[in-house]
Amino acid sequence: MKKRPTIRDVAALAGVSIATVSKYINAAQRFTPAVERKIRAAIDELEYHSNPLARSMITGKTGSVGVVILDIGNPHFTNIVKGANRVALEHGYNLLFVDTEESQAREDELVAALSRRVDGLIVSTRMPDEQLPRVLELGKPVVFSGRPAPKGHPSIGIDAYTAAFMLGELLVKQGHRKFAYIGFAPARPDMERTRGLTDCLKAHKLAFKRHEIRAPVVAEGERVCASVVLRKDRPDAVVCYNDMVAIGFLGACRALGVAVPEDLSVVGIDNIPFGRFINPALTTVDTQSEYLGEEGMRLLFRRIAGDTAAAGHLTVEPRLVVRESTRIRR
């Protein structure tokens with residue numbers, strides 16, 4: 001029977017100390033790229049696998065990190081997980097995640113359960129600000145995603161105000177004058193998106209009519225469409241809370257015989273992959289979802305390593321993506 005390789009064997013093959021290998025495996029310290037390549041090559045050649053239970057008992061670390069998202073069915077959040085997982089793997093960590101399914105009632109229970117199995121958390125939540133300390137009281141490093149964190153803690157998010165302002169500017173320059181916004185009030189970004197669109201249109205002496213959805217999903221975009229496009233004062237431009245809502249709205253427009261962009265222009269926010277392939281392709285704002293996941297996870301590993309300077313809110317700038325669902329009105 002082949003002898004199972006040990007950490008001592010890895011150290012000998014790599015020409016480094018056992019302590020160096022241990023620190024590398026447990027992500028307790030970074031070394032020069034040359035040293036890390038030697039250790040990685042030795043691990044691969046020997047097919048060495050550390051004992052997670054033993055490692056946890058020695059280091060007090062689980063070797064896992066967690067991500068709490070609002071809806072795995074939304075590609076925006078799927079991409080956040082993808083980006084976060086990429087960085088977790090670079091650090092030799094496993095990634096666990098939970099989906100709160102847009103339910104604030106489930107958040108406390110799911111976050112608490114996940115916190116017991118991980119060394120740190122990235123949390124996207126609909127909790128009111130006054131409830132956020134409950135997450136911090138779980139005793140694990142936390143990075144809040146999509147909202148500012150309490151003072152002294154790290155967070156990351158897109159500039160939602162600028163995202164909506166950019167869309168408003170595009171539509172005004174294209175000659176649109178009658179606007180509708182399909183919003184989702186329970187979501188924190190909705191407030192900033194509403195403010196950005198309001199300020200943009202106000203500067204041009206314009207305004208918008210708001211329509212409310214019950215969830216930021218495709219089905220709600222379909223449901224609300226008729227009440228927007230079949231009215232006498234139909235808008236000539238519709239800004240949707242996100243791409244999922246916009247995709248549902250576009251589908252319902254086709255069913256109702258309303259042509260996009262000939263009869264009205266439609267835009268979304270997030271730049272999910274599907275938006276490129278629908279007909280017409282969706283004009284949107286890229287919220288850099290994978291990058292949010294990557295940078296959020298890098299912030300988290302800094303906190304896990306004890307870097308208290310990793311605090312404050314990191315703002316990611318949106319990027320306008322113009323496609324065929326908008327047109328110049330003459």
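The table below gives the values:
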| item | result |
| --- | --- |
| Percent of beta bridges antiparallel (DSSP, the chain, rounded to nearest 5) | 10 percent |
| Using alpha-carbon coordinates, inclination of helix 104-115 to the longest axis of the chain, degrees | 20 degrees |
| Max mean-square fluctuation residue, GNM over the chain, Cα-Cα springs under 10 Å, options 37, 86, 195 | 37 |
| Dimensions in Å of the chain - Rg and Dmax from alpha carbons | 23.8, 81 |
| Of 179, 31, 144, the one that fluctuates the most in a GNM where the chain has Cα springs shorter than 10 Å | 31 |
| Sequence-separation-based contact order of the chain, relative, with Cα cut under 8 Å and 6+ spacing, percent | 18 percent |
| Anchor residue 140: lysines whose Cα lies under 29 Å away (excluding residues fewer than 8 positions away in-chain) | 23, 61, 82, 151 |
| Choice from 33, 128, 150 with maximal GNM fluctuation in the chain (Cα, 10 Å cutoff) | 33 |
| Rg(Cα)/(2.2 N^0.38 Å) for segment 152-267, N = residue count | 1.05 |
| The chain: angle of helix 243-256 to the longest principal axis, Cα-based, in degrees nearest 10 | 40 degrees |
| Surface share of carbon and sulfur [accessible, 1.4 angstrom probe, percent] for segment 180-307 | 54 percent |
| Relative contact order computed over segment 177-283 (Cα-Cα under 8 Å; 6+ residues apart), in percent | 27 percent |
| Note, ³J(HN,Hα) from phi for segment 265-273, Karplus 6.51, -1.76, 1.60, rounded to Hz, x at Gly and Pro | 9, 10, 10, x, 9, 2, 6, 6, x |
| Per residue, in Å², the accessible surface of the chain once ligands and nucleic acids are set aside, probe 1.4 Å | 48 Å² |
| On Cα atoms only, tilt of 160-173 relative to the major axis of the chain in degrees | 40 degrees |
| Carbon plus sulfur fraction of accessible area for segment 36-161, probe 1.4 Å, in percent | 52 percent |
| Charge-dipole axis of the chain as Lys and Arg at +1 and Asp and Glu at -1 on Cβ define it, positive-most pick from 255, 84, 316 | 316 |
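The values are calculated or read from the model by the stated rules, or taken from the named source; none is laboratory data. Given the structure is predicted, the values throughout are model-derived calculations rather than measurements. Methodologically, a virtual Cβ is constructed for each residue, glycine included, from the backbone with ideal geometry; neighbour enumeration extends over all protein chains shown. Note: accessible area is taken over every heavy atom of the protein model, side chains too, but ligands, DNA and RNA are not part of it. Shrake-Rupley method; radii C 1.70, N 1.55, O 1.52, S 1.80 Å.
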